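Colleague: Sharing a structure below in structure tokens format, with a few things to ask.
The values are calculated or read from the model by the stated rules, or taken from the named source; none is laboratory data. What you see is a predicted model; the values in this text were computed from it and never measured. Cβ sites come from the backbone with ideal geometry, for glycine too, and all protein chains shown count toward neighbours. Ligands, DNA and RNA are stripped out before the accessible areas are found, and what is left, the full protein with its side chains, is counted by its heavy atoms. Shrake-Rupley method; radii C 1.70, N 1.55, O 1.52, S 1.80 Å.
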Amino acid sequence: MKRIAVIPGDGIGEEVIDGALEVLNAFSFPFKYEWGEAGDAVKERKGVALPEETLELCKESDAVLFGAVGETAADVIIKLRMELQTFANIRPAKSFKGVKSLYDDVDIVIVRENTECLYKGLEFEVADGITEGIRIITRNASEKIAHYAFELAKKERRKKVTALHKANVMRKTCALFRDVCRTVAKEYPEIEFNDYYIDAACMYLVMDPWRFDVIVTTNMFGDIVSDLAAGLVGGLGLAPSGNIGEKSAIFEPVHGSAPDIAGKGIANPSAAILSATMMLKHFGFIDEANKIEKTLEKVILEGKTTPDLGGKLKTDEMVREITKNLELS
Ligand code: NAI
Ligand code: MG
């Protein structure tokens, strides 16, 4: 039995996690779900966004299924990733047939370093009107994430790894990251390697995404380019992620609590469902994960989607389409 901590969070986090669980419940996986609370609403009530008991629950679990939180994201999800030492944040961006987007054949995986960089939260107000933030980049974490990216490329039979950095300006931190990636690349002669400056890479991503296969980058750049990549394939409603550590793993949609649509029942559940299938694959339930993904592809192709993808369905109606098709197949 695997222990899964379920943290729905705020806003659409709750709505999409309900949907993901409904899809998982179409099977009988050996999972024990245990609910934990975190986010803006808990902070209002208890004065703390990530209660100690939630953190403990996540540490004891085999995986965390996370929705999204709001303004407390730094205190909740960023902290969870660091506390659970989920050093690799895997964010695939793959085109879906039937989804209106710039291109119809994008297939990129972003491997984002998840434990350091500017997101360490080392920010200070040094004087009135003067603030500073400290960026931590270590050889150890850079080596770990670079190896992870190449191993992922090998496992998924991908051909190329591209490191993104800004070593011309950040001459210590980014240069260390770039140099480590270049060194690790030599251990994998069968996989092509190159590196780009992050700004140029953003243009290439929009104009020529086929240059990319696996991207490896530092924490903040990874955050930004993963939303960009999500935009290439139909938006945040379709972008899942897995945060992988040696002991723990957190699976969550890339999106946030989306206050602009929260409570309307129209959030796209796909990103959460695809995060759940990443969790299934993590535990070795490959056939079931593939079955869910194929079914989701079919439902999207038939236009039975939420409004962000051009459809007319509510979140629960789209989920029902998926569970209905799962029963039929
Ligand atoms: P967001 O990801 O919540 O929303 C960005 C845009 O994408 C919005 O227009 C939203 O309606 C749309 N969108 C996102 N998910 C969608 C879905 N499943 N279906 C349909 N449309 C979807 O990012 P935003 O607006 O920058 O932040 C909102 C709040 O979320 C903030 O308080 C932020 O701190 C928090 N946040 C939390 C994250 C987390 O918990 N992991 C990640 C990103 C933001
Ligand atoms: Mg983000």
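Colleague: Exactly one of these conditions fails for residue 86: (1) away from ligand 2 (no atom under 16 Å from the Cβ); (2) assigned to a loop (DSSP other than H, G, I, E, B). Give me its number.
Modeller: All conditions are met except number (1).
Colleague: Let me confirm something: among 106, 111, 99, which residue is within 16 Å of ligand 2 (Cβ to nearest atom) and either within 30 Å of residue 307 (Cα to Cα) or touching a His at 6+ places or on another chain (Cβ under 8 Å) (or both)?
Modeller: 111
Colleague: Now, a different point. Which count do you get for residues in the stretch 284-325 that are under 13 Å from residue 271 (Cβ atoms) and outside any helix (DSSP H, G or I)?
Modeller: Selection size over the stretch 284-325: 2.
Colleague: Let me ask you something else. Given the criterion more than 16 Å from ligand 2 (Cβ to nearest atom) and within 22 Å of the chain's Cα centre (by Cα), identify the matching residue among 296, 328, 313, 301.
Modeller: Criteria check complete, one pass: 296.
Colleague: Please count how many residues of the stretch 213-266 are at positive phi, within 15 Å of ligand 2 (Cβ to nearest atom) and either part of a strand (DSSP E or B) or out of contact with any Gly (no Cβ under 8 Å at 6 or more places or on another chain) (or both).
Modeller: So the count comes out to 1.
Colleague: How many residues are touching a strand residue (DSSP E or B) at 6+ places or on another chain (Cβ under 8 Å) and surrounded by fewer than 22 Cβ atoms within 10 Å (Cβ to Cβ) if we restrict to the stretch 93-108?
Modeller: Qualifying residue count for the region: 4.
Colleague: Could you identify the single residue in 328, 313, 228 that is free of Cβ contacts under 8 Å to residues at least 60 places away in the same chain, of a type outside the set (Gly, Ala, Ser) and outside the structural domain of residue 29 (by TED's automatic domain parsing)?
Modeller: 228
Colleague: Answer yes if at least one residue in the stretch 239-256 is of a type in the set (Gly, Ala, Ser), assigned by TED's automatic domain parsing to the domain that holds residue 315, open to solvent by 10 Å² or more (accessible area, probe 1.4 Å) and within 13 Å of ligand 1 (Cβ to nearest atom), and no otherwise.
Modeller: yes
Colleague: Sticking with this one: Hey, among 280, 326, 296, which residue is surrounded by 22 or more Cβ atoms within 10 Å (Cβ to Cβ), away from ligand 1 (no atom under 16 Å from the Cβ) and on the phi < 0 side of the Ramachandran plot?
Modeller: 280
Colleague: Contact list please: Cβ distance under 9 Å, first residue in the stretch 67-79 and basic (Lys, Arg), second residue more than 8 Å from ligand 1 (Cβ to nearest atom) and open to solvent by less than 20 Å² (accessible area, probe 1.4 Å), pairs at least six apart or on different chains.
Modeller: Within 9 Å, the pairs are 79/49; 79/50; 79/55.
Colleague: Does the stretch 69-83 hold any residues that are open to solvent by 40 Å² or more (accessible area, probe 1.4 Å) and within 7 Å of ligand 1 (Cβ to nearest atom), and which are they?
Modeller: Matches in the stretch 69-83: 71 only.
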